[in-house]
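Q: Below is the structure I would like to discuss, written out as structure tokens.
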Amino acid sequence: MDILAHPNPALKQTSSAVDPGADADLPRLVKVMARAMYDAPGIGLAAPQIGVLKRVFIFDIDDQLGVVCNPVIIERSEETEVDDEGCLSLPGISVPVERSVRVVCEGLDIKGSPVRIEGSDLVARMLQHETDHLDGVLIIDRATPEERRAAMRRYMESAGR
């Protein structure tokens with residue numbers, strides 16, 4: 001399955017909560033998402049990026065696939081950092097995005113058991129980025145107006161538009 005690219009309207013939609021215990025399609029969805037993420041390659045992928053409006057994202061930072069359903073960032077550090085961030089739905093560009101350097105995210109795993117991830121630096125950035133996707137927020141939405149315009153120019157040029 002292909003990863004949707006901006007300006008696909010599905011990327012701006014808010015996703016619906018899932019019930020891992022009752023959603024028989026969830027394991028297949030995670031397999032499809034993992035294949036797409038690894039083929040891209042990337043470190044995270046949210047279900048809306050393949051056109052499925054479910055509150056699910058996957059990630060792989062330490063060579064182990066993780067799945068979070070219905071994630072909620074329950075804690076954010078006051079300390080933030082601006083760093084260039086890329087996105088599989090905006091291939092070929094990166095934009096500076098300010099994020100908390102440490103977050104705590106809670107949700108459910110694929111079987112419905114509680115999951116709690118405490119992450120800093122790259123893990124914190126990924127958790128915030130993927131959760132944003134579930135709310136229809138892209139990295140360009142987090143950029144300053146000047147950076148957004150410059151990023152969109154680069155994106156259009158790289159896409160040959």
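Q: About the Cα centre of the chain, what is the dipole size in debye to 20, counting +1 per Lys and Arg Cβ and -1 per Asp and Glu Cβ, all else neutral? Display every interim value, and only then the final one.
A: On the way: 18 positive and 27 negative charges, 131 e Å.
Dipole magnitude for the chain comes out near 620 debye.
Q: Now a separate question. From the helices alone, meaning DSSP H stretches of at least four residues, give me the mean residue ellipticity at 222 nm for the chain, per-run term -39500 (n - 2.57), in deg cm²/dmol to the nearest 500.
A: -8500 deg cm²/dmol
Q: How many angstrom lie between the C-alpha centres of the range 14-45 and the range 105-161?
A: 16 Å
Q: Continuing with this model, one more query. Which of the following values of Rg and Dmax of the Cα atoms in Å was calculated from the structure shown: (i) 14.7, 41; (ii) 17.0, 52; (iii) 15.2, 45?
A: Among (i) 14.7, 41; (ii) 17.0, 52; (iii) 15.2, 45, the one calculated here is (iii).
Q: Stretched out fully, how many nm does the piece from ASP135 to ARG154 gain, at 0.36 nm a residue minus the Cα gap?
A: Values: separation 19, 0.36 × 19 = 6.84 nm, distance 2.46 nm.
The span from ASP135 to ARG154 would gain 4.4 nm if fully extended.
Q: Residue separation times 0.36 nm, minus the C-alpha to C-alpha distance between THR80 and SER94: what's the value?
A: Values: separation 14, 0.36 × 14 = 5.04 nm, distance 1.81 nm.
Result: 3.2 nm gained on full extension.
Q: Where a ≥ b ≥ c are the square roots of the eigenvalues of the C-alpha gyration tensor, would you call the range 1-67 rounded, which needs a/c under 1.5, or, failing that, prolate if a/b is larger than b/c, or oblate?
A: oblate
Read-outs: derived from the displayed coordinates by stated rules, not from any lab. Everything quoted here is computed from the prediction, not taken from an experiment. Reconstructed Cβ throughout: ideal geometry from the backbone, glycine too, with neighbour counts over all protein chains shown.
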